[in-house]
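Accompanying notes for the structure given below.
The values are calculated or read from the model by the stated rules, or taken from the named source; none is laboratory data. Remember, it's a predicted structure, so these values are computed and weren't measured experimentally. Neighbour counts run over all protein chains shown; Cβ positions are idealised from the backbone, glycine included.
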Amino acid sequence: MFKVYGYPTPNTYKVLYVAEELNINYEFQLVDLAKGEQKAATFLQKTPIGKVPVLQHDDHYLFESGAISCYLAETQDSPLYPKDKFERALVNQWMDFFNIHLGRWFNTLYFNKVIRPKFGMGDPDPKELEEAIEFLNQQSKIVDEHLEKNEYFTGDKLTIIDIFAYASVEQSAVVDFSLEPYPNLKSWLEKIGKRDFLAKALKRFE
Ligand SMILES: N[C@@H](CCC(=O)N[C@@H](CS)C(=O)NCC(=O)O)C(=O)O
């Protein structure tokens, strides 16, 4: 039995998108961050870090969207997480890049522009915005050049990193970060966004 605990923000979407692309049958349970449910004692028994997403697989629990995404693909023996050691390392490489670099800066903009106002946490921090935009431009250029030569992140085959990364890059519209200077990144986003996983995952919040 698979169950995802989450809230409608990009880190949870990463896991839901990957689960849907893999056609996994799973339950979804909302953890209401607005009510602080992620810090409730019962939830802290599932994850010591008090954050979402969390995956339950029978009586096992996992946190971190990247680790969860890889594990979900493993359980399905999916070619979206290749068995070949080097091909798999390429997926892991781009997943680290998104967690530590590009995705991290999208998250900074999202936190300042969406979460702060929604949760009454005050105005966006201009220094954080400036730093995030500078790094986003620097790293989007690198990714744009990579996608000029590669149809997908690891080459000519779709893998879970394309689905995972989609949840980061799609934030560009919400946080008002223009992808116009990055046409290859923009067309990759449009191509990935035509897949079924998106509508299927968003149904969880209707
Ligand atoms: N690196 C983690 C980040 C998880 C995370 O920061 N989750 C946020 C929501 S997007 C959260 O639960 N925040 C609530 C809190 O920190 O109390 C992942 O990728 O899963």
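Results, tabulated for the structure shown:
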read-out: Hits in the range 21-42 (condition: buried (at least 18 other Cβ atoms within 10 Å of the Cβ) and farther than 24 Å from SER78 by Cβ); value: VAL31, LEU33, GLN38
read-out: Selection count where residues are hydroxyl-bearing (Ser, Thr, Tyr) and either surrounded by fewer than 23 Cβ atoms within 10 Å (Cβ to Cβ) or more than 10 Å from the ligand (Cβ to nearest atom) (or both), scope the range 6-20; value: 3
read-out: Residues of the range 33-66 satisfying the condition of being touching a strand residue (DSSP E or B) at 6+ places or on another chain (Cβ under 9 Å) and hydrophobic (A, V, I, L, M, F, W, C); value: PHE43, ILE49, VAL52, VAL54, LEU55, LEU62, PHE63
read-out: Selection status of GLU180, modelled with pLDDT of 95 or more and either touching a strand residue (DSSP E or B) at 6+ places or on another chain (Cβ under 9 Å) or assigned to a helix (DSSP H, G or I) (or both); value: no
read-out: Any hit, the range 22-33, residues being more than 22 Å from ILE115 (Cα to Cα), within 14 Å of the ligand (Cβ to nearest atom) and free of Cβ contacts under 8 Å to residues at least 24 places away in the same chain; value: no
read-out: Test for TYR13: is it of a type in the set (Phe, Trp, Tyr) and within 28 Å of LYS157 (Cα to Cα); value: yes
read-out: Within the range 171-186, considering residues that are of a type outside the set (A, V, I, L, M) and in contact (Cβ under 8 Å) with a residue 24 or more places away in the chain, the one surrounded by the most Cβ atoms within 10 Å (Cβ to Cβ); value: TYR182
read-out: Flag if SER78 is under 24 Å from HIS146 (Cβ atoms), in contact (Cβ under 8 Å) with a residue 40 or more places away in the chain and under 18 Å from the mean Cα position of the chain (by Cα); value: no
read-out: Lone unmet requirement of (1) within 9 Å of the ligand (Cβ to nearest atom); (2) surrounded by 19 or more Cβ atoms within 10 Å (Cβ to Cβ) for GLY50; value: (2)
read-out: Selected residue (criterion: nearest to PRO10 (Cα to Cα)) from residues of the range 116-129 that are within 21 Å of the chain's Cα centre (by Cα) and surrounded by 14 or more Cβ atoms within 10 Å (Cβ to Cβ); value: ARG116
read-out: Out of LEU179, LEU202, LEU158, sole residue that is in contact with a helix residue (DSSP H, G or I) (Cβ under 7 Å, 6 or more places away or on another chain) and not charged (D, E, K, R); value: LEU179
